[in-house]
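So the structure is just underneath, and the comments pick up after that.
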Amino acid sequence: MQREIFEAEHDQYRETVREFLARYATPHQQQWESDGIIDKYLYVDAAKFGVIGFSVPEEFGGGGVAGDFRYNAIVAEELARASSGGPAFTLQNDVLAPYMLELTNDEQKARWLPAFASGELVVAVAMTEPGAGSDLQGIRTSAHRDGDDWVLTGSKTFISSGIHADLVIVVARTDPDAKASAAFTLLGVERGMPGFTRGRNLEKLGMHSQDTAELTFDQVRVPSANVIGEVGKGFLHLMRNLPMERLSIAVTAVASCRTLLDMTLEYVKSRKAFGTAIGSFQANKFELATLETEVDLAQVYVDRCITALNAGTLDGTDAAKAKWWTTELQQRLIYTCQQLHGGYGFMMEYPIAKAYADARIQTIYGGSTQIMKEIIGRSLGL
Ligand SMILES: Cc1cc2nc3c(=O)[nH]c(=O)nc-3n(C[C@H](O)[C@H](O)[C@H](O)COP(=O)(O)OP(=O)(O)OC[C@H]3O[C@@H](n4cnc5c(N)ncnc54)[C@H](O)[C@@H]3O)c2cc1C
């Protein structure tokens with residue numbers, strides 16, 4: 001089905017992103033997969049092409065294109081199309097940019113935004129801990145005030161860009177007695193601060209070229225100038241940004257589905273068994289027809305969410321619906337497409353095999369399917 005949300009300037013931008021990935025990412029993909037990390041300089045190149053940093057105001061060296069999530073969606077879609085899971089561009093654009101643009105004060109903007117726009121400052125957000133993931137109210141990393149500093153102690157795990165990050169937005173409990181809405185503060189921990197250490201780059205099932213790390217904070221003195229947003233309001237700041245993060249994951253899911261389905265259609269037309277193309281067996285044809293229908297329907301819903309986000313009307317429930325349904329579709333679709341590839345679907349040189357491993361995290365991070373259904377259930381008064 002024809003998509004209707006994009007205009008000529010978006011199509012042009014898509015060409016730029018596609019060309020950038022073809023030249024700067026795809027040739028290095030294999031190497032980055034075995035290294036377990038991408039070349040950090042890719043962020044600087046990406047910023048030059050406007051693939052990241054486009055939402056930062058021009059006065060700080062960014063592209064000045066804020067409030068149009070269609071640009072964000074194009075980056076996510078082209079990364080999925082290129083099967084490029086390493087560059088954490090959606091993390092920078094869709095998850096971190098809102099913190100950096102909307103929660104920072106003027107002094108922080110002047111200090112951080114120019115490097116964020118140029119790709120020299122890679123940012124991460126650290127919520128999850130060994131003992132607290134879905135239930136963020138269980139966060140134990142804490143900070144107490146000492147003079148003009150906050151003294152931060154605790155550990156985080158599964159942090160995307162945890163190795164590359166120059167600035168980590170850490171969620172810390174700053175009031176042990178308050179309820180969640182007043183208990184947490186976001187602290188900007190910078191590379192090199194004494195007491196801040198990174199663990200190993202974690203070995204994962206998929207997304208091998210994206211660094212994911214454990215982070216430890218041992219009495220790190222974080223100046224109060226690095227408090228991001230308001231003291232005690234960290235939980236509310238997180239909640240505000242989650243719909244956009246979840247929509248970003250849904251955009252990736254649908255784009256990945258479209259790419260892999262098209263790839264599989266090509267395959268089943270050329271692969272023969274019992275004297276005929278395997279796609280012409282009715283059982284396979286019907287499975288593919290079902291998936292084709294589901295991907296189209298998912299795309300329409302996600303496009304509608306993009307329009308709503310731009311209009312400021314996307315609520316957490318609709319974003320949760322988009323996130324769980326599209327990422328679960330992605331799992332089902334990959335399973336079927338892999339099955340249709342036969343033994344070749346098990347070989348890493350076939351993109352469907354890599355997609356199988358890379359996609360598994362989609363129903364877990366950014367809030368699991370169960371948590372999405374919990375949110376939807378609550379909206380139903382249950
Ligand atoms: C590759 C990767 C990258 C990540 N990047 C980041 C990052 O950059 N920053 C960050 O802070 N975190 C990050 N995470 C962490 C991720 O968000 C968490 O793993 C996720 O939120 C789930 O938390 P958990 O792993 O502690 O699982 P748990 O919370 O222990 O959940 C385990 C299971 O219990 C289920 N469950 C939990 N509560 C309920 C409930 N109420 N009802 C029904 N079922 C429930 C869950 O759905 C899940 O199936 C990343 C994780 C991975 C693997």
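For segment 52-76, residues that are under 18 Å from Ile306 (Cβ atoms) and either surrounded by fewer than 17 Cβ atoms within 10 Å (Cβ to Cβ) or at pLDDT 95 or above (or both) total 13.
Which one is nearest to Leu242 (Cα to Cα), of the residues in segment 363-372 that are in a helix (DSSP H, G or I) and near the ligand (Cβ under 8 Å from one of its atoms)?
In the first step, residues of segment 363-372 are kept if they are in a helix (DSSP H, G or I); the result is 363, 369-372.
Those still in the list that are near the ligand (Cβ under 8 Å from one of its atoms) too: 369-371.
Values: Thr369: 14, Gln370: 16, Ile371: 12 Å.
If we take residues in segment 363-372 being in a helix (DSSP H, G or I) and near the ligand (Cβ under 8 Å from one of its atoms), then Ile371 is nearest to Leu242 (Cα to Cα).
If only one of Gly381, Gly345 is in a loop (DSSP other than H, G, I, E, B), more than 13 Å from the ligand (Cβ to nearest atom) and either among the small types (Gly, Ala, Ser) or in contact with a His (Cβ under 8 Å, 6 or more places away or on another chain) (or both), which one is it?
Gly381
Going through (1) within 11 Å of the ligand (Cβ to nearest atom); (2) surrounded by fewer than 19 Cβ atoms within 10 Å (Cβ to Cβ); (3) of a type outside the set (Lys, Arg) one by one, Leu96 falls short only on (2). Any residue at all in segment 344-360 that is more than 27 Å from Ser209 (Cβ to Cβ), surrounded by 15 or more Cβ atoms within 10 Å (Cβ to Cβ), at pLDDT 95 or above and of a type outside the set (Ser, Thr, Tyr)? No, segment 344-360 contains no residue that is more than 27 Å from Ser209 (Cβ to Cβ), surrounded by 15 or more Cβ atoms within 10 Å (Cβ to Cβ), at pLDDT 95 or above and of a type outside the set (Ser, Thr, Tyr). Against the conditions (1) touching a Phe, Trp or Tyr at 6+ places or on another chain (Cβ under 8 Å); (2) touching a residue at least 60 places away in the same chain (Cβ under 8 Å), Lys321 satisfies every one except (2).
Against the test of being outside any helix (DSSP H, G or I) and either touching a residue at least 24 places away in the same chain (Cβ under 8 Å) or away from the ligand (no atom under 16 Å from the Cβ) (or both), the options Leu291, Leu314, Leu297 yield a single qualifying residue, Leu314. Counting only residues that are surrounded by 21 or more Cβ atoms within 10 Å (Cβ to Cβ) and in contact with a strand residue (DSSP E or B) (Cβ under 9 Å, 6 or more places away or on another chain), segment 100-124 holds 7 of them.
For segment 183-195, filtered to residues that are more than 16 Å from the ligand (Cβ to nearest atom) and either aromatic (Phe, Trp, Tyr) or out of contact with any Asp or Glu (no Cβ under 6 Å at 6 or more places or on another chain) (or both), the residue that is farthest from Asp149 (Cα to Cα) is Gly192. The set of residues in segment 116-154 that are in contact with a helix residue (DSSP H, G or I) (Cβ under 9 Å, 6 or more places away or on another chain), within 16 Å of the ligand (Cβ to nearest atom) and under 16 Å from Val227 (Cβ atoms) comprises Val123, Val125.
The number of residues in segment 209-229 being of a type in the set (Val, Ile, Thr) and within 14 Å of the ligand (Cβ to nearest atom) comes to 1.
What about Leu167, is it on the phi < 0 side of the Ramachandran plot and either touching a helix residue (DSSP H, G or I) at 6+ places or on another chain (Cβ under 7 Å) or more than 11 Å from the ligand (Cβ to nearest atom) (or both)? The answer is yes for Leu167.
Among residues of segment 230-249 being among the small types (Gly, Ala, Ser) and surrounded by 20 or more Cβ atoms within 10 Å (Cβ to Cβ), the one that is farthest from the chain's Cα centre (by Cα) is Gly234.
I want to confirm something. Restricting to segment 125-142 and keeping residues that are over 16 Å from the mean Cα position of the chain (by Cα) and assigned to a strand (DSSP E or B), which single residue is surrounded by the fewest Cβ atoms within 10 Å (Cβ to Cβ)? The residue in question is Ala132. The condition of being closer than 21 Å to Pro98 by Cβ, part of a loop (DSSP other than H, G, I, E, B), in contact (Cβ under 8 Å) with a residue 12 or more places away in the chain and within 15 Å of the ligand (Cβ to nearest atom) holds for only one of Gly206, Gly162, that being Gly162. Glu107 falls short on exactly one of the conditions (1) of a type outside the set (A, V, I, L, M); (2) more than 12 Å from the ligand (Cβ to nearest atom); (3) outside the structural domain of Leu42 (by TED's automatic domain parsing); (4) touching a residue at least 12 places away in the same chain (Cβ under 8 Å), and that condition is (3). Could you check Ala178 against (1) hydrophobic (A, V, I, L, M, F, W, C); (2) away from the ligand (no atom under 14 Å from the Cβ); (3) under 22 Å from Gln108 (Cα atoms) and say which number it fails? Here Ala178 meets the rest and fails (3). Of all the residues in segment 175-191, those that are of a type in the set (A, V, I, L, M) and either part of a loop (DSSP other than H, G, I, E, B) or over 16 Å from Thr216 (Cα atoms) (or both) number 4.
The values are calculated or read from the model by the stated rules, or taken from the named source; none is laboratory data. Everything quoted here is computed from the prediction, not taken from an experiment. Here the Cβ is made from the backbone with ideal geometry for all residues, glycine too, and neighbour counts use every protein chain on show.
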